[in-house]
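Here is the structure we will look at.
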Amino acid sequence: VFAIDTSGSVMDQLTQFCSEVNAAVSECLPERVHVVYCDAAVGRVDTFERGDVVTFKSVGGGGTDFRPVFGYVAKQGLQPVCLIYLTDLEGPAPDSPPEYPVLWVTVTELTAPWGETVRMERWN
């Protein structure tokens, strides 16, 4: 599962986030990819099978809340190999981590409350 923060504070980074998702998908060739777009709520979810071209249709621009993505994954009964969240980390996360690995990819110096945080250089 790839979660893409679509809040107003990262709108200028969405192209970069999408490029990073495509690079990871091309490298790893997962069987299935769920792309979840979320600002303060899940705005859209797209699912791609291996071999599909991963395209992006972001929605959002509001505030930030990471909790709806994890709620969506649980409600759908998804059991991801991992969840990769591309964000500036400026929002509330669930109090405790899920049972699957979470990688937070951020363009800021902030650190996620749990999971692994990786910094990404901003384009510009």
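The values are calculated or read from the model by the stated rules, or taken from the named source; none is laboratory data. Keep in mind that what you see is a predicted model, and the values were worked out from it rather than measured. Note that each Cβ is placed from the backbone with ideal geometry, even for glycine, and that neighbours are counted across all protein chains shown. Heavy atoms of the whole protein, side chains included, go into the accessibility calculation; ligands, DNA and RNA do not. Shrake-Rupley method; radii C 1.70, N 1.55, O 1.52, S 1.80 Å.
Within the stretch 71-83, being under 12 Å from the mean Cα position of the chain (by Cα) and in a loop (DSSP other than H, G, I, E, B) holds for one residue alone: 82.
Answer yes or no as to whether residue 3 is touching a residue at least 24 places away in the same chain (Cβ under 8 Å) and either more than 13 Å from the chain's Cα centre (by Cα) or crowded, with 20+ Cβ neighbours inside 10 Å (or both). Here the answer is yes, as residue 3 does meet what is asked.
Being touching a strand residue (DSSP E or B) at 6+ places or on another chain (Cβ under 8 Å) and either among the basic types (Lys, Arg) or under 25 Å from residue 108 (Cα atoms) (or both) is true of residue 5. For the stretch 38-70, a tally of residues being over 18 Å from residue 28 (Cα atoms) and either part of a loop (DSSP other than H, G, I, E, B) or among the basic types (Lys, Arg) (or both) returns 16.
Only one of the numbered conditions (1) open to solvent by less than 50 Å² (accessible area, probe 1.4 Å); (2) of a type in the set (D, E, K, R); (3) under 18 Å from residue 118 (Cβ atoms) is not met by residue 90, and that is (1). Would the stretch 6-26 turn up any residue that is buried (at least 18 other Cβ atoms within 10 Å of the Cβ) and part of a strand (DSSP E or B)? No, that holds for no residue. With of a type outside the set (Val, Ile, Thr), in contact with a Phe, Trp or Tyr (Cβ under 8 Å, 6 or more places away or on another chain) and over 18 Å from residue 121 (Cβ atoms) as the only criterion, which of 82, 18, 28 stands out? From the options 82, 18, 28, the qualifying one is 82. Only one entry of 66, 17, 56, 70 meets the criterion of being touching a residue at least 12 places away in the same chain (Cβ under 8 Å) and over 21 Å from residue 115 (Cα atoms), and that entry is 56. Sub-7 Å Cβ pairs linking a first residue in the stretch 20-39 that is within 13 Å of residue 53 (Cα to Cα) to a second residue that is open to solvent by less than 30 Å² (accessible area, probe 1.4 Å) and of a type in the set (Gly, Ala, Ser), at least 6 apart or interchain, number zero.
Residues that are under 15 Å from residue 21 (Cα atoms), open to solvent by 40 Å² or more (accessible area, probe 1.4 Å), part of a loop (DSSP other than H, G, I, E, B) and in contact with a strand residue (DSSP E or B) (Cβ under 8 Å, 6 or more places away or on another chain): does the stretch 102-115 have at least one? No, because not a single residue in the stretch 102-115 is under 15 Å from residue 21 (Cα atoms), open to solvent by 40 Å² or more (accessible area, probe 1.4 Å), part of a loop (DSSP other than H, G, I, E, B) and in contact with a strand residue (DSSP E or B) (Cβ under 8 Å, 6 or more places away or on another chain). Return the residue satisfying two criteria in turn: it lies in the stretch 48-70 and is open to solvent by 40 Å² or more (accessible area, probe 1.4 Å) and at pLDDT 90 or above, and of such residues it is farthest from residue 99 (Cα to Cα). Among those that are open to solvent by 40 Å² or more (accessible area, probe 1.4 Å) and at pLDDT 90 or above, it is 63.
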